[in-house]
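The values are calculated or read from the model by the stated rules, or taken from the named source; none is laboratory data. Just so it is clear, the structure is predicted and the values come from calculations on it, not from any experiment. Cβ placement follows ideal geometry from the backbone for every residue including glycine, while neighbour counts extend to all protein chains displayed.
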Amino acid sequence: MTRNISESDTRANFIDPKLAESQWEAIHIIREHYFTDGRKLLNNKRGKRLFLDYLLKFNNVNLAIIEAKKLGDHPTKGLQQALEYAEKLKIKFVYATNGKRIFEFDRSKGSGEYIDSFPTPQELYNKLFGKSNALKEQLHNIPFLLTGNFGPRYYQEIAVNKVMESIADGDNRILLTLATGTGKTFISFQIVHKLLQAKWNLDGHDRRPRVLFLADRNVLADQAINTFNPYEKDVVKIDGEEVRKRNGVVPTNAYIFFAIYQAIGEREDIGGFYKEYPSDFFDLIVIDECHRGSANEEGSWRAILDHFKPAVHLGLTATPKREDNVDTYKYFGKPVYEYSLKEGVQDGFLTPYKVKRITTNIDEYIHTNDSKIIQGEVTKDRYELKDFNNSITINQRTELLAKTILEQIGKMDKTIVFCANQDHALDLRDYINKHKMVTDANYCVRVTSDEGKHGRELLEAFQDNDKDIPVILTSSKMLTTGVDARNVRNIVLTAPIGSMVEFKQIIGRGTRVFDGKDFFTIIDFVGATNLFYDEAWDGEPEEPTGDGGKGEPIPKPPRPVKEPGEPYERKEKLIIDLSNGRQLKVTDVDTRYIDENGKPLTAREFLEKLIGELPAIYKDEAHLRKIWSNPDTRTELLKQLGQLGFDNEQLNDLRNMIASPDCDIFDVLSHISFETKLMTRKQRVEFVKGEPKFFEVYKKLEAREFLEFILKHYEDYGIEELQRDKLGDLVKLKLGTPKDAKTAFGDMKTLLNAYYKLQENIYRAG
């Protein structure tokens, strides 16, 4: 009897009453909760979204997951999946139930037991946080400040709550590590909002806290200020030039202060305006992109932080840096929360990417007498990729790269080109504009520190999604951070990348989600994408060395930092003009797709992965043929492949990899799964035409001609012409109106049946 009771009935009649008995009110329960968006696929489609039966909340904190099964099922049937989701959501308690029995699993212990009833909200909250902490509860209880209908993403909630809990526990050095494009500024705003509402401060007085938001570039500070618009009256930007005009008098009449290090730090003849503030003036300092220097013992920004030592220091970064003299972990301790680029892509909050590795016949240079030295002198026998545009420039090579970039991107696709230095950015800009197909003078522009205010204006126009121009930016180091351009479709690498930190930041320029942007492309001329295979790419961070974290190393004397942080020194370098007889060309374009772990797959790896996934979709060749012959089941199969990471574009690339582009995807799948003989679409069409009995069923010439028209479209354009939603367009193209279609076939049902029968015949061949 119980086996006939559905899961929804079990929830309504058994689970919900048990929750009510334990004082769980509707405001504490989120039912059927989707917490991811699903990985982005081609054609504006999405992969599977992650889903919870019940999410239990109290004091604005996620406390537990309930995995519900119908009354007749075993209560722990769905426990494993629920535990995986709990790990993702950083939730300690998971309950599995069939409405009769309740199993409580404590992830911190790694075990569980059956219980008689659910704990109350307060009991569960106390179980999670232990002894009473009034500040922690107060901070939890303050809701997020939201505008419109958009709520926080799950990881943003976790990040904010982790920081709140750390502050309530008395921690004064806190680190958040979240991938570029995941909303670190939004998170910092919510943190500040909660602290302001709670009137939290370090001295315990009845006042709102004073917060300093530190960045190393104006563009980062200005973006943050915009996010803090709801507190506009409480915000001030510390402008170094304004302070200088006021004889060093710094603003104090605000609660939220924004500054770039260079404006208030020590430089030239300025002793540092930060010293005008008492060391205990600020309660919280938020350090944006803290890997760029906050932990640097030699940096002027470290001197600022040392001055404001009593404050809580909150570091925000996408890439904690662990090198000599720059040890983010040593200063802040381990992150209280991490959210990686890989997770962002899988969850659908960041855009996936593919890699095009491009090689040319001038990826190395050996000097010969028939080439002309324009400047400098030859100092070694062989010049490699890392040398180009640093120690040697060959203008013909730069021009080849410019032409290749234009060939590889859409004409109006927003593109950032990372160059070796500012001169290289100029050269590439000029060659791109030489060969462009668009007449606008600002089609391709250079944005580096040399452009100053004009460069920032061009960058703002590039970031404006309502403006088409500029389309391409060339830069060196300036754009590795701070570019919030959601519609970037291409990241071009024309110079080696010195560190994993820099690499992550550069890749992050393309990950922001934009409507209609299914993926972005990394075009790599220098092999920099080999860093994807490095263990440091989305790997576990190293443990801090030395004193085990949260140390306070003695700072070394500060050194000046240039605004906007792009060191540049002109050096005479070797400039070569190749002989007229030397023909430069691209020798290979190797397209690689990214797997679920963020690693680019070689052609062989891609094929092996696909082969490994196919048995779960179809069991044998006959089964595949049956699925593929029907447009409805074929669409479902393609959707399944898409959710596994194999979209139409990848399948087409696979077809080109192992067969001719004239083959049907069916033949590719059948060939790699069952070693069947490949057929072209033309051969399949000839097979159908060789069976006159099929056409004889349809008495009118217009009907037979229409079916032959479909076959021709299939032969020329592929299976897209055989999709169910394509039939209407084909009718309009060949027959005209629905009335004409009825005249040809008698009725629409016969037409639809013919469309399906035609496809059965196409795939009977072979």
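Residue selection: PRO278 satisfies the criterion of being more than 30 Å from VAL488 (Cα to Cα), out of contact with any helix residue (DSSP H, G or I) (no Cβ under 6 Å at 6 or more places or on another chain), modelled with pLDDT of 90 or more and of a type outside the set (D, E, K, R).
Does TYR114 count as of a type outside the set (Val, Ile, Thr), part of a helix (DSSP H, G or I) and in the same structural domain as PHE58 (by TED's automatic domain parsing)? No. Count of segment 54-75 residues, restricted to those that are modelled with pLDDT under 95 and among the β-branched types (Val, Ile, Thr), is 1.
Selection over segment 138-155 of residues that are among the polar types (S, T, N, Q) and crowded, with 21+ Cβ neighbours inside 10 Å gives a count of 0.
Which count do you get for residues in segment 281-305 that are more than 25 Å from SER499 (Cβ to Cβ) and at pLDDT below 90? Show your work before the answer.
In the first step, residues of segment 281-305 are kept if they are more than 25 Å from SER499 (Cβ to Cβ); the result is 281-285.
Next, from what is left, pick out any that are at pLDDT below 90: none.
So the count comes out to 0.
Can you list the helices (runs of 4 or more DSSP H) found entirely within segment 671-766 that contain at least 3 residues being among the charged types (D, E, K, R) and in contact with a Lys or Arg (Cβ under 8 Å, 6 or more places away or on another chain)? Before the answer, list the steps.
Values: elements: 681-689, 692-696, 701-717, 727-734, 738-745, 748-762.
In segment 671-766, the matching helices (runs of 4 or more DSSP H) lie at 701-717.
Within segment 374-393, the set of residues being more than 11 Å from LYS573 (Cβ to Cβ) and either loosely packed, with under 15 Cβ neighbours inside 10 Å or of a type in the set (D, E, K, R) (or both) comprises VAL378, LYS380, ASP381, ARG382, GLU384, LYS386. Of all residues in segment 636-687, those satisfying the criterion of being among the hydroxyl-bearing types (Ser, Thr, Tyr) and closer than 20 Å to GLU721 by Cα are SER660, THR680.
Summed over segment 101-111, residues that are in a strand (DSSP E or B) and not small (Gly, Ala, Ser) total 5.
With the requirement that a residue be of a type in the set (D, E, K, R), touching a Phe, Trp or Tyr at 6+ places or on another chain (Cβ under 9 Å) and within 16 Å of ASP647 (Cβ to Cβ), what does segment 15-61 give you? LYS40 - this is the single residue of segment 15-61 that is of a type in the set (D, E, K, R), touching a Phe, Trp or Tyr at 6+ places or on another chain (Cβ under 9 Å) and within 16 Å of ASP647 (Cβ to Cβ).
Could you check segment 131-165 and list, in sequence order, the residues that are assigned to a loop (DSSP other than H, G, I, E, B) and either touching a Pro at 6+ places or on another chain (Cβ under 9 Å) or within 21 Å of LEU305 (Cα to Cα) (or both)? Full working, then the answer.
Filtering segment 131-165 down to residues assigned to a loop (DSSP other than H, G, I, E, B) leaves 131-133, 142-153.
Once the filter is applied, which keeps residues that are assigned to a loop (DSSP other than H, G, I, E, B) and either touching a Pro at 6+ places or on another chain (Cβ under 9 Å) or within 21 Å of LEU305 (Cα to Cα) (or both), segment 131-165 yields PHE144, LEU145, LEU146, THR147.
Filtering segment 692-731 to residues that are at pLDDT 85 or above, over 23 Å from ASP747 (Cβ atoms) and exposed (fewer than 14 other Cβ atoms within 10 Å of the Cβ) leaves LYS712, ASP716, TYR717.
Quick grid of which residues meet (1) under 29 Å from the mean Cα position of the chain (by Cα); (2) in the same structural domain as HIS28 (by TED's automatic domain parsing); (3) closer than 21 Å to THR511 by Cβ:
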site: TYR125; (1), (2), (3): no, yes, no
site: PHE150; (1), (2), (3): yes, no, yes
site: LYS162; (1), (2), (3): yes, no, no
site: ALA168; (1), (2), (3): no, no, no
site: THR180; (1), (2), (3): yes, no, yes
site: THR185; (1), (2), (3): yes, no, yes
site: ASP203; (1), (2), (3): no, no, no
site: PRO209; (1), (2), (3): no, no, no
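For segment 625-673, name all the residues that are touching a strand residue (DSSP E or B) at 6+ places or on another chain (Cβ under 9 Å), farther than 20 Å from GLN346 by Cβ and touching a residue at least 24 places away in the same chain (Cβ under 8 Å). Scanning segment 625-673 gives ASP653, ASP664, ASP667.
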